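Chemist: Before we start, here is the structure in question, set down as structure tokens.
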Amino acid sequence: MMFNFKKQNTGFTLVETLVAISIFTISILGLMSVMARGVSDTSYVKQKVVAGYLAQEGIEYVRNKRDTDVLYPGGGDWGIFVGETISYPVVGSDFSGFTRTIQKSVISADAVKISSTVTWTQGSGQHSVTFTENLFNWWQ
């Protein structure tokens with residue numbers, strides 16, 4: 001009597017192995033892409049926070065300049081503040097990459113609008129943050 005034993009194929013074929021490696025590679029590349037995007041977004045948010053602080057510092061500088069011009073020269077002179085040009089660059093802007101521009105526009109005889117804009121370049125894009133505030137002649 002002869003026994004007919006069939007050998008069972010166990011293991012993976014070459015095609016199955018290649019498919020498994022391809023799926024694994026695609027999933028790893030997708031994960032790395034998501035992580036790289038997260039790092040890039042984190043860097044952008046950090047730069048935007050710094051730019052916001054620098055823009056706010058520009059507004060505070062102009063407010064202090066207004067208070068100094070109004071309080072100290074002989075009884076206060078709003079006209080000195082309204083008539084002068086304001087320049088307050090970012091210290092170390094050559095190294096930091098930030099540029100601040102402060103603009104002043106007269107709204108009325110007793111009010112001016114201050115705009116502090118900070119710009120920076122990150123990646124291939126130019127970004128900016130602008131803060132505005134109205135300052136009034138409170139010395140009346």
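Chemist: Distance from the Cα centre of the stretch 27-42 to that of the stretch 104-128, in angstrom?
Modeler: The distance from the Cα centre of the stretch 27-42 to that of the stretch 104-128 comes to 34 Å.
Chemist: Based on the Cβ-Cβ distance of Lys113 and Val45, what FRET efficiency does E = 1/(1 + (r/R0)^6) give at R0 = 35 Å, to the nearest 0.05?
Modeler: Details: r = 28 Å, r/R0 = 0.81.
E between Lys113 and Val45, to the nearest 0.05, is 0.80.
Chemist: Still on this structure: Please give the FRET efficiency for Arg37 paired with Thr130, using the beta carbon to beta carbon distance and R0 = 35 Å, rounded to the nearest 0.05. The partial results should precede the final answer.
Modeler: On the way: r = 26 Å, r/R0 = 0.75.
Efficiency at R0 = 35 Å is approximately 0.85.
Chemist: What is the gain in length, in nm to one decimal, between Phe95 and Thr13 on full extension, counting 0.36 nm per residue of separation less the C-alpha to C-alpha distance? The partial results should precede the final answer.
Modeler: Values: separation 82, 0.36 × 82 = 29.52 nm, distance 5.80 nm.
Result for the pair: 23.7 nm of gain on full extension.
Chemist: About the Cα centre of the stretch 14-136, how large is the charge dipole given +1 on each Lys and Arg Cβ and -1 on each Asp and Glu Cβ? Please answer in debye to the nearest 20.
Modeler: 180 debye
Chemist: Sorted from largest down, give the three principal axis spans of the alpha carbons of the stretch 14-136, whole angstrom values.
Modeler: 92, 28, 19
Values in this text are rule-based calculations from the coordinates and carry no lab data. Note that this is a predicted model, so its numbers are computed, not measured. As a convention, Cβ positions derive from the backbone with ideal geometry for all residues, glycine included, and neighbour counts pool all protein chains shown.
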